[in-house]
Amino acid sequence: MKKNEKAVVVFSGGQDSTTCLFWALEKFNHVEVVTFDYDQRHKAEIEVAKEIAEEQKVKHHVLDMALLNQLAPNALTRDDIEVKDGEDGELPSTFVPGRNLLFLSFATILARGIGAKHVITGVCETDFSGYPDCRDVFIKSLNVTLNLSMDDEFVVHTPLMWLDKAETWEMADELGAFDYVRNKTLTCYNGVRGDGCGECPACELRQNGLNDYLDKKERNA
């Protein structure tokens, strides 16, 4: 049975956040999504998020976060910065400092405005590319801070926190959304929808997880 409560999903239109959207639709009676426009290289991300929200009949909020682009230049916002994994202990060039701190803060402010107590994000510590703001300890710490800052009791949910990409595909399948997530979402750093370009780190991670999950299904068939 669904909880008769409202929830807000931090939503990019990618594999993880779309899986989280279907998870939230199973759990809560009323779900809205929020997408952040931070002058990312691929505006298609916002259009994909809008399309999915319309198809799933959930209200879609788009918030202007262009200041993040100004403060934190990175490969997701600059054409002249190469998309590459971190080397010698450095973070990947796609790391956006403060992104989840700001996104979750504004998502929770939005949640308060619509009377929602639940905020859902697709961050994951298993396949997190080393991003410090995807760690469970950060989310729990921020959850406490948000509650203290607004004297309220919000819950930040992380359904994918301890799942690898194969297990995330499995969750989408269990939610009846496998084909939808595979074909409709945009995860690729080069802006290619569905299975993506097949070359960037995001596509490699996604495809490896997909292959592992399909192999597992075949073995268990």
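The values are calculated or read from the model by the stated rules, or taken from the named source; none is laboratory data. What you are looking at is a predicted structure, and each value in this text was computed from that prediction instead of being measured. FYI the Cβ positions are ideal-geometry reconstructions off the backbone, even for glycines, and counts take in every protein chain you see. Protein only, heavy atoms only, side chains kept; ligands, DNA and RNA dropped before computing areas. Shrake-Rupley method; radii C 1.70, N 1.55, O 1.52, S 1.80 Å.
Taking segment 176-187 as the range and being more than 13 Å from Phe22 (Cβ to Cβ) and either surrounded by fewer than 16 Cβ atoms within 10 Å (Cβ to Cβ) or free of Cβ contacts under 8 Å to residues at least 40 places away in the same chain (or both) as the test, only Asn183 passes.
Against the numbered list (1) modelled with pLDDT under 95; (2) open to solvent by less than 40 Å² (accessible area, probe 1.4 Å), Thr168 comes up short only at (1). Within segment 188-206, the residues that satisfy the criterion of being open to solvent by 40 Å² or more (accessible area, probe 1.4 Å) and within 16 Å of the chain's Cα centre (by Cα) are Tyr189, Arg193, Leu205. Say whether the condition of being under 15 Å from the mean Cα position of the chain (by Cα) and at pLDDT 95 or above is met by at least one residue in segment 62-83. Looking for residues that are under 15 Å from the mean Cα position of the chain (by Cα) and at pLDDT 95 or above, one finds at least one in segment 62-83, hence yes.
Scanning segment 189-221 for residues that are over 16 Å from Gly13 (Cα atoms) and either β-branched (Val, Ile, Thr) or part of a loop (DSSP other than H, G, I, E, B) (or both) yields a total of 5.
Filtered by the rule that a residue be in a loop (DSSP other than H, G, I, E, B), within 17 Å of Gly209 (Cα to Cα) and without any contact (Cβ under 8 Å) to a residue 60 or more places away in the chain, segment 143-169 gives Met161, Trp162, Leu163, Asp164.
Residues of segment 24-69 that are loosely packed, with under 15 Cβ neighbours inside 10 Å, under 19 Å from Ala111 (Cβ atoms) and of a type in the set (A, V, I, L, M): none at all.
Selection within segment 124-134: residues that are free of Cβ contacts under 8 Å to residues at least 60 places away in the same chain and in contact with a helix residue (DSSP H, G or I) (Cβ under 6 Å, 6 or more places away or on another chain). The member of this set that is least open to solvent (accessible area, probe 1.4 Å) is Asp133. Taking segment 104-137 as the range and being modelled with pLDDT under 95 and in a helix (DSSP H, G or I) as the test, the residues that pass are Pro132, Asp133, Cys134.
Could you tell me whether segment 135-142 includes any residue that is closer than 29 Å to Asn208 by Cβ, charged (D, E, K, R) and crowded, with 17+ Cβ neighbours inside 10 Å? Steps first, answer last, please.
Start the filter on segment 135-142 by keeping residues that are closer than 29 Å to Asn208 by Cβ, which leaves 135-140.
Keeping just the survivors that are charged (D, E, K, R) gives 135-136, 140.
Add one more test, that the residue is crowded, with 17+ Cβ neighbours inside 10 Å, and what stays is 135.
Looking for residues that are closer than 29 Å to Asn208 by Cβ, charged (D, E, K, R) and crowded, with 17+ Cβ neighbours inside 10 Å, one finds at least one in segment 135-142, hence yes.
Across segment 152-165, the qualifying residues are those that are among the charged types (D, E, K, R) and farther than 13 Å from Gly14 by Cβ, and the one among them that is surrounded by the most Cβ atoms within 10 Å (Cβ to Cβ) is Asp164. Given the criteria closer than 22 Å to Phe22 by Cβ, of a type outside the set (Val, Ile, Thr), over 15 Å from the mean Cα position of the chain (by Cα) and open to solvent by 40 Å² or more (accessible area, probe 1.4 Å), does Asp173 qualify? Yes, satisfied.
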